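The values are calculated or read from the model by the stated rules, or taken from the named source; none is laboratory data. Keep in mind that this is a model prediction, so the values were computed, not measured. Counting neighbours? That spans all protein chains shown, and the Cβs are built from the backbone with ideal geometry, glycine included. These accessible areas exclude ligands, DNA and RNA; they are computed on the full protein's heavy atoms, side chains included. Shrake-Rupley method; radii C 1.70, N 1.55, O 1.52, S 1.80 Å.
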Amino acid sequence: MPDRRIKRTKTNIYSALVSLLFERDIRNITVKELCEKADVNKSTFYLHFMDIYDCKTQWQNEMFDEILSLVHDLSLDKIAMNPQAYIHAVVSYFKDNLAFYQKLASSPLAPEFSYNLKQRLSEKIAESNGFNAKSNRWERTMVAFIMGGLMDSCLINLNGFDPEKLEETLNELGESLAAYV
């Protein structure tokens, strides 16, 4: 029972935080204001978070973990052999979370969130492949290129988002690039 209450409390806090972050920079948000919006006591907030920055970090980590679950088993070889599966998973994720990303795109949080998301995804794929910075520079760069391109393609197409058309375009692009390699 306590786990469900804790999850609900954190969800309320995260929801309030995101709402405020869509409006302004975190430096202009107080814990008091966040707690009022989330309808929790400050003591409850501090039971779960050290400060507002810790709250933001934990929220982002939970968001990124959800996205990372899409690519947890994809190696660079699997992506190269079947990019359509990967493209489908990422486009579907954006489709399922379209309202959030549309709001995010026009918020002060967008550049930082986008950068952190792409970096975490690239790191996770590199880690799952056993790549390191010194001996796998080409592979790590390829992963970053794929991740950045795919994420940016979804992010820049949020207005009038047509997941089927975007997926078709990305697959065609991938086939065209494969012909050059």
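Summary of values
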| quantity | calculated |
| --- | --- |
| Residue of 103, 134, 95 that the Gaussian network model of the chain assigns the largest fluctuation, springs spanning Cα pairs under 10 Å | 134 |
| Accessible surface of segment 131-181 [probe 1.4 Å, protein heavy atoms]: carbon and sulfur percent | 58 |
| For residue 27, net neighbour charge (Lys/Arg +1, Asp/Glu -1) across residues whose Cβ lies under 14 Å away | -3 |
| For the chain, calculated [θ]222 nm from helices alone, where every DSSP H run of n ≥ 4 adds -39500 (n - 2.57) | -25000 deg cm²/dmol |
| Stokes-Einstein diffusion coefficient of segment 1-137, Kirkwood radius over Cα pairs, 10 °C, 1.306 mPa s, in µm²/s | 94 |
| Nearest-ten-degree value, helix 2-23 long axis tilted from longest Cα axis of the chain | 80 |
| Residue-wise HN-Hα coupling along segment 138-153, computed from phi with Karplus coefficients 6.51, -1.76, 1.60 (Hz; x: Gly, Pro) | 4, 5, 5, 5, 4, 4, 4, 5, 5, 4, x, x, 5, 5, 4, 4 |
| Tensor-based shape of segment 89-181 (alpha-carbon gyration tensor, a/c under 1.5 rounded, otherwise prolate or oblate) | oblate |
| Cα lying deepest toward the dipole's positive end in segment 85-132, options 85, 102, 117, charges on Cβ | 102 |
| Residue 69/residue 25 FRET efficiency (R0 45 Å; Cβ-Cβ; nearest 0.05) | 0.95 |
| Cα-Cα over 20 Å, subset of 78/165; 7/56; 10/42; 7/118; 56/103; 32/103 | 78/165; 7/118; 32/103 |
| Cα centroid of segment 1-37 to Cα centroid of segment 106-131, whole Å | 23 |
| GNM top mover of 130, 149, 160 - the chain, alpha-carbon springs below 10 Å | 160 |
